[in-house]
1. Quick check, is VAL51 at pLDDT below 95, of a type in the set (Val, Ile, Thr), under 18 Å from ILE132 (Cα atoms) and in a loop (DSSP other than H, G, I, E, B)?
2. I need the full set of residues from region 14-45 which are acidic (Asp, Glu) and at pLDDT 95 or above, in order please.
3. So if I check each of GLY95, GLY37, GLY69, which one is outside any loop (DSSP other than H, G, I, E, B), surrounded by 13 or more Cβ atoms within 10 Å (Cβ to Cβ), in contact (Cβ under 8 Å) with a residue 24 or more places away in the chain and small (Gly, Ala, Ser)?
4. Would you mind telling me which numbered condition in (1) surrounded by 15 or more Cβ atoms within 10 Å (Cβ to Cβ); (2) hydrophobic (A, V, I, L, M, F, W, C); (3) more than 17 Å from the chain's Cα centre (by Cα) ILE52 fails?
5. Give the residue that is surrounded by the most Cβ atoms within 10 Å (Cβ to Cβ), with candidates limited to residues of region 73-92 that are in a helix (DSSP H, G or I) and without any contact (Cβ under 8 Å) to a residue 12 or more places away in the chain.
6. Could you list, in sequence order, the residues of region 34-76 that are of a type in the set (S, T, N, Q) and within 23 Å of ILE101 (Cα to Cα)?
Amino acid sequence: MAQLQNIIRTAQEKRSFQTLLKAAEVLGLIEKYSNTGPFTVFAPVESAFEVIPEEVIEEAFADIPYLTGIIDYHIVEGKYMLKDLQNIDSLRTIGGKELRIKHNGGIVVDTANITEPDIECSNGVIHAISEILVP
């Protein structure tokens, strides 16, 4: 079995999270999510950003406190695999907000479906989600 990579390297290799990785770079989070953990990241796939006008994305990237709030709402301390999520109703994000976990045939995180669960990393897990979570 191949050696697990950290969250950042895994996200880079998946090539499904370019905008999320760009936000992590803008916020100076590359080293943190490469070297610490464990974390669970609910990572919006690139198609989640396609519905947002480019100028709105640019404005969000220019507003560091706003961008930080959005990114922090997608990350939870600890490693929660899909089987773990099936037994809980909420998680506290690193930004201190509650993420609602719903169980209706699949797992829904706030309003987003998990489209690819359990992308294991050396310092946590990534769950690809269908949309951007907004606190």
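1. yes
2. Our first condition is that a residue be acidic (Asp, Glu); within region 14-45, this holds for 25, 31.
The answer is GLU25, and nothing else.
3. Working: GLY95 fails: outside any loop (DSSP other than H, G, I, E, B); GLY37 fails: outside any loop (DSSP other than H, G, I, E, B).
Only one candidate passes the filter, namely GLY69.
4. (1)
5. So in region 73-92, the residues in a helix (DSSP H, G or I) come out as 82-85.
Now restrict to residues that are without any contact (Cβ under 8 Å) to a residue 12 or more places away in the chain: 83-84.
Values: LYS83: 9, ASP84: 15.
Out of the qualifying residues, it is ASP84.
6. So the first thing to find is which residues in region 34-76 are of a type in the set (S, T, N, Q), and the list is 34-36, 40, 47, 68.
Within region 34-76, THR40, SER47, THR68 meet the criteria.
The rows are residues; the columns are (1) under 11 Å from the mean Cα position of the chain (by Cα); (2) closer than 21 Å to ILE8 by Cβ; (3) surrounded by 15 or more Cβ atoms within 10 Å (Cβ to Cβ).
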{"residue": "GLY106", "(1), (2), (3)": "no, no, no"}
{"residue": "ASP110", "(1), (2), (3)": "no, no, yes"}
{"residue": "THR115", "(1), (2), (3)": "no, yes, yes"}
{"residue": "GLU120", "(1), (2), (3)": "no, yes, no"}
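The values are calculated or read from the model by the stated rules, or taken from the named source; none is laboratory data. A quick note: this is a predicted structure, and the numbers were derived from the prediction, not measured. Cβ sites come from the backbone with ideal geometry, for glycine too, and all protein chains shown count toward neighbours.
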